[in-house]
């Protein structure tokens, strides 16, 4: 068994990863297999598994995923990318706040790896998505017609 602070931090991290996975799944459900959502939703699943393994290590029941029924999808892919950029920034900041509180070196290591993935892979991918989608709307770009960035949900 471990201390309450560690379990609370793991719970917060798990909830945030559940939220991201649900949001990215919803984008895919509404807009189809949009990159990078299709790749990153799988990564979020791996993040969840890594955190669940820590609950298992401590013999503690993890919180349930309540996000699938709670997320809403933005009106356009560009808005989805923008929301994902902010979600990844917030995720990285959450880990920055939680990691120093962890006394367990394994939990610290797991959280550092998840933070690194968010900061070094997810955030840049969603920033590229946002640039691509904003650039594809044709705004200020002569000869560029609308693509995914202007698709709205049905």
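Read-outs: derived from the displayed coordinates by stated rules, not from any lab. These figures come from a predicted structure and were not determined experimentally. Note: ideal-geometry Cβ built from the backbone for every residue, glycine included; neighbour counts use all protein chains shown.
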Give the angle, between 0 and 90 degrees and rounded to the nearest 10, that separates the Cα long axis of helix 77-98 from the longest principal axis of the Cα atoms of the chain. 20
Roughly how tilted is helix 37-58, in degrees to the nearest 10 and between 0 and 90, from the longest Cα axis of the chain? 10
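Note the full-extension length gain between residue 106 and residue 127 as 0.36 nm times their separation in residues minus their Cα-Cα distance, in nm to one decimal.
On the way: separation 21, 0.36 × 21 = 7.56 nm, distance 3.04 nm.
Gain on extension, residue 106 to residue 127, equals 4.5 nm.
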Taking the convex hull of Cα positions in the chain, its mean projected area over all directions (nm²): 9.2
Let's test the formula: R0 of 35 Å, r as the Cβ-Cβ distance of residue 113 and residue 72. What FRET efficiency results, to the nearest 0.05? 0.75
Relative packing of peptides 22-28, 101-107, 7-13 - highest average C-beta neighbours within 10 Å first: 22-28, 7-13, 101-107
Pseudo-spin-label distance residue 39 to residue 89, built 7 Å along Cα→Cβ, given in nm, is 2.2
Taking square-rooted eigenvalues a ≥ b ≥ c of the alpha carbon gyration tensor, is segment 56-129 rounded, prolate or oblate, where a/c under 1.5 means rounded and, failing that, a/b exceeding b/c means prolate? oblate
For segment 30-59 and segment 76-140, what is the separation of their C-alpha centers, rounded to whole Å? 13
Helix-only [θ] at 222 nm, the chain, -39500 (n - 2.57) per DSSP H run of 4+, per residue, nearest 500, equals -22000 deg cm²/dmol
Using Cα atoms only, what is the angle between the long axis of helix 4-31 and the major principal axis of the chain, expressed in degrees (0 to 90) to the nearest 10? 20
